[in-house]
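Chemist: Before I ask anything, here is the structure I am working with.
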Amino acid sequence: MSEELQRGLEGVTVAETRLSRVDGDAGELTIAGFPLAELAPNATYEETLFLLYEDRLPDGDELASFRAALADERAAAPEAIEAVVAAAERGLPPMDAVRMGVAAASLARDGDEDPRTDARLAVAQLPTVAAAYWRAREGEDPVEPRQDLRHAANYLYMLDGEEPSAERVRGLETYLNAVVDHGLNASTFTARTIVSTESDVISGVTGAVGALKGPLHGGAPGPVLDMLREAADRDDPAELVREKLDAGERIMGFGHRVYDVRDPRAAVLQDAAESFYRGRDGTAFFDAASEFEDVAVDVLADHKPDLTLETNVEFYTAVLLHGVGVPKELFTPTFAVARAGGWTAHCLEQLEDNRLIRPRGRYVGDEGRTWTPVEER
Ligand code: COA
């Protein structure tokens, strides 16, 4: 057995998956065989989810019944809503609320634990608890989910009680599809590890939400928006980037563990953001963001000449979600809404051919200590 240490499991392959293929050198991402640029702007989220679960696209009837089954599970248990409202009232971070809310999806089980039902419950209820938290933070009552709206449209509807325009729904759906799955990232690996113990899928998703909360994974797009706002007030955005680097900060929205080139999701989200802004209030904000991106990449190249610190998914996530009207505080929860599809598909895939995930640690502590009773220490 190899004792070679791979810090952060970098470069280690631990599972086979048919869900997504990430080529970090070429900067390519395919979802169940579809190039991301083809799938993301065309599919509804439900089609993408069906594709991940069944490894094929649904026909019209299959899509209608899949959509209805998902919509049927949207209403969260009152206790789940109470938990996220309490989180909002106590000022807890949004991802803490989402973690508690999705954990309570077990309360909506009608019968015994079943991986597919749990997967559907987790995906269906994540938007409900995220939106209820947001409403409570705004001092408003939750908006009941609607069954007649698509997954993305219903999420936007639950945020402000208004039926969203087709453009907003398309923008959000492209985002949800673009980030639905991405190999064995930290949260997906967490979900797979949890179900590999033969625990349940809702536990897997709950753990994954915890992993996604951190700024090195899903917490970056909010700070990206803050940075873009800061840059708008400055004459020289390059100076702002340099100041942050000099202060030892990382530039959010840049750099990636797997990609040595620009993250392919950045291109898909940039296109989606551009067409969204073009059709609405004009492209001034989008144009400024694109210019900032170029500046930041140049400054980062000077800062770390040996590394390629290119744009990652989070940069245009911030630009697109801001345009679509998702509040900044919900950027990471909205990432969870999308990634719930990948997490649950990975849980089901893990269970199809399960082997307990159990790596080793190399012991580097003291040896040969002898016990001293407390009164003698
Ligand atoms: N800004 C400034 N410096 C960065 C950087 C960034 N965005 N990303 C990496 N670096 C630097 C690190 O400080 C480190 O420098 P050091 O060797 O002098 O300490 C070096 O590049 C390598 O970074 P490391 O953290 O080992 O790489 P990683 O593979 O673990 O990091 C990320 C990947 C995503 C965690 C990292 O690029 C990052 O923190 N990015 C900003 C946060 C972000 O956008 N997260 C969303 C990811 S999709």
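Chemist: Using a 1.4 angstrom probe on the protein heavy atoms only, line up 343, 134, 371 by accessible area, largest first. Don't skip to the end; give the middle numbers.
Modeler: Values: 343 0, 134 35, 371 210 Å².
From most exposed to least exposed: 371, 134, 343.
Chemist: Please find the FRET efficiency linking residue 367 to residue 89, where r is the Cβ-Cβ separation and R0 is fixed at 51 Å, and quote it to the nearest 0.05.
Modeler: On the way: r = 51 Å, r/R0 = 0.99.
Here the calculated transfer efficiency is 0.50.
Chemist: Right, here's the next one. Between residue 247 and residue 233, with labels modelled 7 Å along Cα→Cβ, what's the label distance in nm to one decimal, could you check?
Modeler: A separation of 1.2 nm, rounded to one decimal place.
Chemist: Separation between the residue 112 and residue 42 pseudo-spin-labels, each 7 Å from Cα along Cα→Cβ, expressed in nm?
Modeler: 4.2 nm
Chemist: Determine, from the Cβ-Cβ distance of residue 69 and residue 21 and an R0 of 41 Å, the FRET efficiency 1/(1 + (r/R0)^6), rounded to the nearest 0.05.
Modeler: On the way: r = 28 Å, r/R0 = 0.69.
Step by step, r from the Cβ atoms, then E = 0.90.
Chemist: Specify which residue in the list 345, 326, 292 is farthest towards the positive end of the charge dipole of the stretch 233-377, using unit charges on the beta carbon of Lys, Arg (+1) and Asp, Glu (-1), about the Cα centre.
Modeler: Farthest along the dipole direction, towards plus: 345.
Chemist: Next question. Can you compute the modelled spin-label distance between residue 375 and residue 199, with each label point 7 Å from Cα toward Cβ, in nm?
Modeler: So the two model labels end up 4.2 nm from each other.
Chemist: On to the next question. What is the gain in length, in nm to one decimal, between residue 303 and residue 261 on full extension, counting 0.36 nm per residue of separation less the C-alpha to C-alpha distance? Could the numbers behind the result be given before it?
Modeler: On the way: separation 42, 0.36 × 42 = 15.12 nm, distance 1.66 nm.
Stretched fully, the residue 303-residue 261 segment lengthens by 13.5 nm.
Chemist: Follow-up. Rounded to whole Hz and in sequence order, give me ³J(HN,Hα) for the stretch 156-171 from the Karplus expression 6.51 cos²θ - 1.76 cosθ + 1.60, θ = phi - 60°, writing x for Gly and Pro.
Modeler: Coupling constants for the stretch 156-171: 4, 4, 5, 6, 10, x, 10, 5, x, 5, 4, 5, 5, 5, 4, x Hz.
Chemist: Give me the Kirkwood hydrodynamic radius of the stretch 221-324 in Å, from all C-alpha pairs, to one decimal place?
Modeler: On the way: mean 1/r = 0.0726 Å⁻¹.
Final number for the Kirkwood radius of the stretch 221-324 is 13.8 Å.
Chemist: So who's got an amide H within less than 5 Å of the one on residue 28, skipping anything under 5 residues away but keeping other chains? H placed 1.01 Å off N, in plane.
Modeler: 23
Chemist: Here's something else I'd like to know. For the chain, what % of the accessible area comes from carbon and sulfur atoms, probe 1.4 Å? Kindly include the intermediate steps, with their values, before the conclusion.
Modeler: Numbers: 8330 of 18170 Å².
Heavy-atom surface of the chain belonging to carbon and sulfur, 1.4 Å probe: 46 percent.
Chemist: Net charge near residue 141, counting Lys/Arg +1 and Asp/Glu -1 over other residues with Cβ under 14 Å of its Cβ? Could you put the intermediate results ahead of the total?
Modeler: Values: positive: 135, 137; negative: 82, 89, 138, 140, 144, 160.
Neighbourhood net charge equals -4.
Chemist: Right, here's the next one. How high is the FRET efficiency from residue 160 to residue 4, r the C-beta distance, R0 45 Å, rounded to 0.05? Can you show the working numbers first?
Modeler: Working: r = 52 Å, r/R0 = 1.17.
Calculated value: 0.30.
Chemist: Now for a separate question. Can you compute 3J(HN,Hα) from phi for each residue in the stretch 115-132, using the Karplus curve 6.51 cos²θ - 1.76 cosθ + 1.60 with θ = phi - 60°, rounded to whole Hz and x for Gly and Pro?
Modeler: Karplus-based 3J(HN,Hα) across the stretch 115-132 equals x, 5, 5, 4, 4, 5, 4, 5, 5, 5, 8, 4, x, 5, 6, 5, 5, 5 Hz.
Chemist: Next question, about the same structure. Among all the lysines, which ones have a C-alpha under 17 Å from residue 328's C-alpha, if same-chain residues fewer than 8 places away are not counted?
Modeler: Leaving aside lysines fewer than 8 places away in the same chain, those within reach of residue 328 are 213.
Chemist: Probe of 1.4 angstrom, ligands and nucleic acids ignored: what's the accessible area per residue over the chain, in square angstrom?
Modeler: Working: 18170 Å² over 377 residues.
On a per-residue basis, the chain sits at 48 Å².
Chemist: If the cut-off is a Cα-Cα distance under 24 Å, which lysines reach residue 304, setting aside same-chain residues fewer than 8 apart in sequence?
Modeler: Hits, sequence-local ones excluded: 244.
Chemist: What is the magnitude of the charge dipole of the chain about its Cα centre, with +1 placed on the Cβ of each Lys and Arg, -1 on the Cβ of each Asp and Glu, and no other charges, expressed in debye to the nearest 20? Intermediate values should be presented prior to the final figure.
Modeler: Details: 38 positive and 70 negative charges, 117 e Å.
In debye, rounded to 20, the chain gives about 560.
Chemist: What are the residues whose amide H is under 5 Å from the amide H of residue 326, where those residues sit 5 or more places off or on another chain and H is modelled from the backbone?
Modeler: Amide H to amide H, under 5 Å and 5 or more residues apart or across chains, residue 326 pairs with nothing.
The values are calculated or read from the model by the stated rules, or taken from the named source; none is laboratory data. These numbers were taken from a predicted model, which means no experiment stands behind them. Because the Cβ atoms are built from the backbone with ideal geometry, glycine has one as well, and the counts that use them run over all protein chains shown. Calculation scope for accessible area: heavy atoms of the full protein, side chains included, ligands and nucleic acids excluded. Shrake-Rupley method; radii C 1.70, N 1.55, O 1.52, S 1.80 Å.
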